[in-house]
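Engineer: Just passing along the structure, written as structure tokens.
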Amino acid sequence: MINVHEVNLLGVRIDNISVEEVIAVIENSINISSKIIVSNVNVHALNLAYEIPWFRNFLNKSHLVFCDGFGVHLGAKISGQKLNYRFTPPDWIDSLCEVAVQKHFSMYFLGSRPGIAELAAENLMDRHPGLVIYSQHGFFDKTGNENEEVIVKVNDSKAKIVFVGMGMPLQEKWINENFKRLSDVSVCLPVGAMFDYVANVIPRGPKWMTDHGLEWLARMLIEPKRLWKRYIIGNPKFIYRVLLQRFGLLRLPQ
């Protein structure tokens, strides 16, 4: 395990870690056949973690938790702490794919609507010859026979990394309940809407917005009906809670 500085925001441990360090940890886990969960947090995740104790516990038990959002970066600063890095899974998936080709390990994309994870996998395999990615949509019964069939498919693939894109907190719940049963998987990552972005079915905001803390605004403008409440209500709620933490007044639900 790389020795990194940690911050604590709304009761969640966040690792002040770079993309290169995250990829190194993933590669090492595969090399030594250990099993780890690599999570990420944005403002929405920390709001959920504040309100849902099991979700907060899931994040704190993850091997790594990296900062995925300028809002979290700002929240750390307001609370008197410091995060040096901020990146989202779509930002570094290609770098990880390069390592996967070099080291000959495969991946599994699990989630999103039918056809999306498959398209995302095809796009990455086209960009990285020799890469192997299996895929399965996320529209299946998470507790019944269909879930058992998905577990078998993942295990039969012998994939070393599983990306789960079902949205928070459903993807974390699925990982929490099923990760230990994935026999050959070393690393599991909840990745939200990554498949949609890699498949190019949902555009990301322009670089000047994503590089300057405005990706939330770009996302809301692209999907206003789905995301307006998350940002218009969620962002001020997050800042208010961070201020409570700064002044020692935060009380986490148990």
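Engineer: Need the full-extension length gain, Lys61 to Met125, defined as separation in residues times 0.36 nm minus the C-alpha distance. One decimal, nm.
Structural biologist: That pair, Lys61 and Met125, stretches by 19.9 nm at full extension.
Engineer: Tell me, Kirkwood radius of segment 154-226 from alpha-carbon pair distances, in Å?
Structural biologist: Details: mean 1/r = 0.0711 Å⁻¹.
Answer for segment 154-226: a Kirkwood hydrodynamic radius of 14.1 Å.
Engineer: Express in nm, to one decimal, how much length is gained between Lys103 and Lys158 on full extension, taking 0.36 nm for each residue of separation and deducting their alpha carbon distance. Don't skip to the answer; put the middle values down first.
Structural biologist: Working: separation 55, 0.36 × 55 = 19.80 nm, distance 1.44 nm.
Extra length available between Lys103 and Lys158 comes to 18.4 nm.
Engineer: Continuing with the same structure: About the Cα centre, and with charges only on the beta carbon of Lys, Arg (+1) and Asp, Glu (-1), how big is the dipole of the chain? Nearest 20 debye, please. Can you show the working numbers first?
Structural biologist: Working: 28 positive and 25 negative charges, 218 e Å.
Dipole magnitude for the chain comes out near 1040 debye.
Engineer: Given R₀ = 35 Å, what would the calculated FRET efficiency be for Glu148 paired with Leu227, taking r from the Cβ atoms and rounding to 0.05?
Structural biologist: Efficiency computed from Cβ-Cβ geometry: 0.60.
Engineer: Going 7 Å from the Cα of Ser34 toward and past its Cβ, which residues in segment 176-193 have a backbone nitrogen under 16 Å from where you end up?
Structural biologist: Only 185-189 pass the distance filter.
Engineer: Whole-Hz Karplus ³J(HN,Hα) for segment 182-191, in order, using 6.51 cos²θ - 1.76 cosθ + 1.60 and θ = phi - 60°, x for Gly and Pro?
Structural biologist: For segment 182-191, the Karplus curve yields 8, 5, 9, 6, 9, 10, 10, 10, x, 10 Hz.
Engineer: What are the ³J(HN,Hα) values, in whole Hz, obtained from phi via the Karplus relation 6.51 cos²θ - 1.76 cosθ + 1.60 with θ = phi - 60°, for each residue of segment 34-41 in sequence order, with x given for Gly and Pro?
Structural biologist: Karplus-based 3J(HN,Hα) across segment 34-41 equals 8, 10, 9, 10, 10, 9, 9, 10 Hz.
Engineer: Given H placed on each backbone N at 1.01 Å, which residues far from Gly111 in sequence or on other chains put an amide H within less than 5 Å of it?
Structural biologist: Answer set, sorted by chain and number: Gln136, His137, Gly138, Gly165.
Engineer: Let me ask something additional. Using Cβ counts within 10 Å as a stand-in for footprinting exposure, how do Glu172, Glu51 rank, fewest first? Show your work: numbers first, answer last.
Structural biologist: On the way: Glu172 24, Glu51 15.
Going from least to most buried by this count: Glu51, Glu172.
Engineer: Non-local amide H neighbours of Gly69 (under 5 Å, H modeled in plane, Pro and chain starts lacking H): which ones?
Structural biologist: Phe87
Engineer: Continuing with the same structure: Can you compute the charge dipole magnitude of segment 89-202 about its Cα centre, using +1 on each Lys and Arg Cβ and -1 on each Asp and Glu Cβ, nothing else charged? Give it in debye, rounded to the nearest 20.
Structural biologist: Roughly 260 debye, rounded to the nearest 20.
Engineer: Students often check this: by mean Cβ neighbours within 10 Å, which of 103-113, 139-149, 65-75, 235-245 ranks highest, and how do the rest follow?
Structural biologist: 65-75, 103-113, 235-245, 139-149
Engineer: Roughly what would the spin-label model give for Arg13 and Ile78, points 7 Å off Cα along C-beta, in nm?
Structural biologist: Placing both labels 7 Å beyond Cα along the Cβ direction yields 2.5 nm.
Engineer: Also, quick follow-up: Past 23 Å, Cα to Cα, is the threshold; run Lys35/Lys142; Lys35/Lys103; Lys61/Lys207; Lys82/Lys229; Lys35/Lys77; Lys142/Lys237 against it and keep the listed order.
Structural biologist: Correct reply: Lys61/Lys207; Lys82/Lys229; Lys35/Lys77; Lys142/Lys237.
Engineer: Still on this structure, I have one more. Just to confirm the number: angle between the C-alpha axis of helix 116-127 and the first principal axis of the chain, 0 to 90 degrees, nearest 10?
Structural biologist: Approximately 70 degrees, to the nearest 10.
Engineer: If every alpha-carbon in the chain counts as one equal scatterer, what log10 I(q)/I(0) does Debye give at q = 0.09, 0.11, 0.14 1/Å?
Structural biologist: -0.38, -0.58, -0.96
Engineer: Compute the Cα gyration tensor for segment 91-191, then decide on rounded, prolate or oblate, letting a ≥ b ≥ c be the square roots of its eigenvalues: rounded whenever a/c is under 1.5, prolate when a/b is larger than b/c in the other cases, and oblate in all that remain.
Structural biologist: On the way: a/c = 1.77, a/b = 1.52, b/c = 1.16.
Because a/c hits 1.5 or more and a/b exceeds b/c, segment 91-191 counts as prolate.
We did not get these values from a lab; they are worked out from the coordinates using the rules stated. Computed from a predicted structure; not experimentally measured. Reconstructed Cβ throughout: ideal geometry from the backbone, glycine too, with neighbour counts over all protein chains shown.
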